[in-house]
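This report refers to the structure that appears directly beneath it.
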Amino acid sequence: MKSSVITFPGSNCDRDMDVALKKFGFNNQMVWHNDNELPKGDLVILPGGFSYGDYLRCGSVASKSKIMKSVIDFANSGGLVMGICNGFQILVETGLVPGVLLRNKYLEFICKNVFVKIDNKDNPYFKNLDKEVLELHIAHNEGNYFCTNDQLKEIEDNNQIAIYYSNEKGQTYEKDNPNGSTKNIAGIFNKRKNVLGMMPHPERMIDKYLSGEDGSLFFKNLIKNIK
Amino acid sequence: MKISAIITLKKDVLDPQGKVIHQTLDGMGFKNIEEVRQGKYFEIDVKENDPSKAKVIVEDMCKKLLANLVIENFKIIETQ
């Protein structure tokens, strides 16, 4: 299984993602933002970080960088594209997934573990995962998911909500919403469910001694689904 | 010629920074504020002397990069 992680100036989770992908069997390649062509593969990851210093709006400049043309083509042809954290912000700026990520409601940078409830398993990312709630890590300043009412209706009608912020039991109360996201949304799909954007970092949960293992479950399941 | 663009958040979008500025101004004694909304201002020197053409170019820039139309509106002003 071949994967590519795109490195933008200011990406800082690209190497963590590389380590995680390789640990679970992906043949991963790092791709520079200024390259024209995406290497052939099964999965493209837009990693977390602060691409272009978060200038203008988070992800807006990266979404126009050279490599993104091939990433958008790959996504439109059905290829799997996953954006984590800043990668999610880049995805919304390309328009591949609907909505936008606003500054956190209480203007704080949030760095902590959260629980997320998986809403939709009818997709290559969560299919056959035998857990409903994952403990993952978030670290962001702009993770407050927002969309128009029309967009929200469309997202809900098409089952595009991937994960919600929740408590350990998977209940999605307002108090478990760290950043003010609409409906506790932590991650969403495009219509075809081949593009996933999410704020939590699965790559930070791949070692039981350092963090937790729920990210390992995610990656092990993902590679099985792609095979 | 120089064209300016002002980007503001749409009415329904939460603007926590605007709220904090409002509270701070209020604390300083400016008690007569209804609401504060924070936005962005761009001054772009376009290589084009026809004002209407220059405005069209900047409008395109706003739509494609400078503003995110899900949450923001833009207004274009001729400055020179």
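If I ask for residues that are closer than 18 Å to A:N225 by Cβ, assigned to a strand (DSSP E or B) and among the aliphatic types (A, V, I, L, M), which ones from the range A:1-23 would you list?
None - no residue of the range A:1-23 is closer than 18 Å to A:N225 by Cβ, assigned to a strand (DSSP E or B) and among the aliphatic types (A, V, I, L, M), so the list stays empty.
Is it the case that A:V114 is of a type in the set (V, I, T), surrounded by fewer than 24 Cβ atoms within 10 Å (Cβ to Cβ), in contact with a strand residue (DSSP E or B) (Cβ under 6 Å, 6 or more places away or on another chain) and farther than 21 Å from B:G39 by Cα? Steps first, answer last, please.
Details: of a type in the set (V, I, T): yes; surrounded by fewer than 24 Cβ atoms within 10 Å (Cβ to Cβ): yes; in contact with a strand residue (DSSP E or B) (Cβ under 6 Å, 6 or more places away or on another chain): yes; farther than 21 Å from B:G39 by Cα: yes.
When the stated conditions are applied, A:V114 passes them.
For residues that are free of Cβ contacts under 8 Å to residues at least 60 places away in the same chain, among the charged types (D, E, K, R) and either outside any loop (DSSP other than H, G, I, E, B) or away from chain B (no Cβ under 13 Å) (or both), tally how many sit in the range A:100-118.
1
Taking the conditions exactly as written (away from chain B (no Cβ under 14 Å), within 14 Å of A:S11 (Cβ to Cβ) and at pLDDT 95 or above), does A:V133 satisfy them or not? Write out each step before concluding.
Values: away from chain B (no Cβ under 14 Å): yes; within 14 Å of A:S11 (Cβ to Cβ): no; at pLDDT 95 or above: yes.
Answer is no for this residue.
Scan the range A:149-162 and give yes if some residue there is surrounded by fewer than 18 Cβ atoms within 10 Å (Cβ to Cβ) and more than 23 Å from B:V70 (Cβ to Cβ), otherwise no.
no
Can you find a residue in the range A:184-194 that is in contact (Cβ under 8 Å) with a residue 12 or more places away in the chain, of a type in the set (G, A, S) and buried (at least 18 other Cβ atoms within 10 Å of the Cβ)?
yes
Give me a count of the residues in the range B:28-80 that are farther than 18 Å from A:S63 by Cβ and out of contact with any helix residue (DSSP H, G or I) (no Cβ under 7 Å at 6 or more places or on another chain).
Number satisfying all stated conditions: 27.
Does B:I7 satisfy the criteria of being touching a residue at least 40 places away in the same chain (Cβ under 8 Å), farther than 27 Å from A:G99 by Cα and in a strand (DSSP E or B)?
Working: touching a residue at least 40 places away in the same chain (Cβ under 8 Å): yes; farther than 27 Å from A:G99 by Cα: no; in a strand (DSSP E or B): yes.
The answer is no for B:I7.
Among the candidates A:E108, A:E93, A:E142, which residue alone is more than 16 Å from A:N184 (Cβ to Cβ) and surrounded by fewer than 17 Cβ atoms within 10 Å (Cβ to Cβ)? Explain how you work it out, then say what you get.
Details: A:E93 fails: surrounded by fewer than 17 Cβ atoms within 10 Å (Cβ to Cβ); A:E142 fails: surrounded by fewer than 17 Cβ atoms within 10 Å (Cβ to Cβ).
When all the criteria are applied, what remains is A:E108.
Just the residues that are assigned to a loop (DSSP other than H, G, I, E, B) and either within 17 Å of A:A162 (Cα to Cα) or modelled with pLDDT under 95 (or both), please, taken from the range A:66-94. Quick ask: steps written out before the conclusion?
To start, the set of residues in the range A:66-94 that are assigned to a loop (DSSP other than H, G, I, E, B) comprises A:77-79, A:85.
A:C85, the sole residue that qualifies.
Is it the case that some residue within the range A:26-46 is crowded, with 19+ Cβ neighbours inside 10 Å and within 13 Å of chain B (Cβ to nearest Cβ)?
No, the range A:26-46 has no match at all.
Exactly one of (1) over 23 Å from A:Y55 (Cβ atoms); (2) loosely packed, with under 15 Cβ neighbours inside 10 Å; (3) of a type outside the set (S, T, Y) is unmet by B:D60. Its number?
Going through the list (1) over 23 Å from A:Y55 (Cβ atoms); (2) loosely packed, with under 15 Cβ neighbours inside 10 Å; (3) of a type outside the set (S, T, Y), B:D60 breaks only (1).
Can you go through B:K64, B:K55, B:K47 and tell me which one is within 14 Å of chain A (Cβ to nearest Cβ) and of a type in the set (K, R)? Quick ask: steps written out before the conclusion?
On the way: B:K55 fails: within 14 Å of chain A (Cβ to nearest Cβ); B:K47 fails: within 14 Å of chain A (Cβ to nearest Cβ).
Selected residue: B:K64, the only one of B:K64, B:K55, B:K47 that is within 14 Å of chain A (Cβ to nearest Cβ) and of a type in the set (K, R).
Taking the conditions exactly as written (surrounded by 13 or more Cβ atoms within 10 Å (Cβ to Cβ), of a type outside the set (F, W, Y), in contact with an Asp or Glu (Cβ under 9 Å, 6 or more places away or on another chain) and within 14 Å of chain A (Cβ to nearest Cβ)), does B:K40 satisfy them or not? Talk me through it step by step, then tell me what you get.
Details: surrounded by 13 or more Cβ atoms within 10 Å (Cβ to Cβ): yes; of a type outside the set (F, W, Y): yes; in contact with an Asp or Glu (Cβ under 9 Å, 6 or more places away or on another chain): yes; within 14 Å of chain A (Cβ to nearest Cβ): yes.
When the stated conditions are applied, B:K40 passes them.
Determine whether the range A:24-32 contains at least one residue that is assigned to a loop (DSSP other than H, G, I, E, B) and polar (S, T, N, Q).
No, the range A:24-32 contains no residue that is assigned to a loop (DSSP other than H, G, I, E, B) and polar (S, T, N, Q).
The values are calculated or read from the model by the stated rules, or taken from the named source; none is laboratory data. Since the model is a prediction, treat every value here as computed from it, not as a measurement. Quick reminder, even Gly has a Cβ in these numbers, built from the backbone with ideal geometry, and neighbours come from all protein chains shown.
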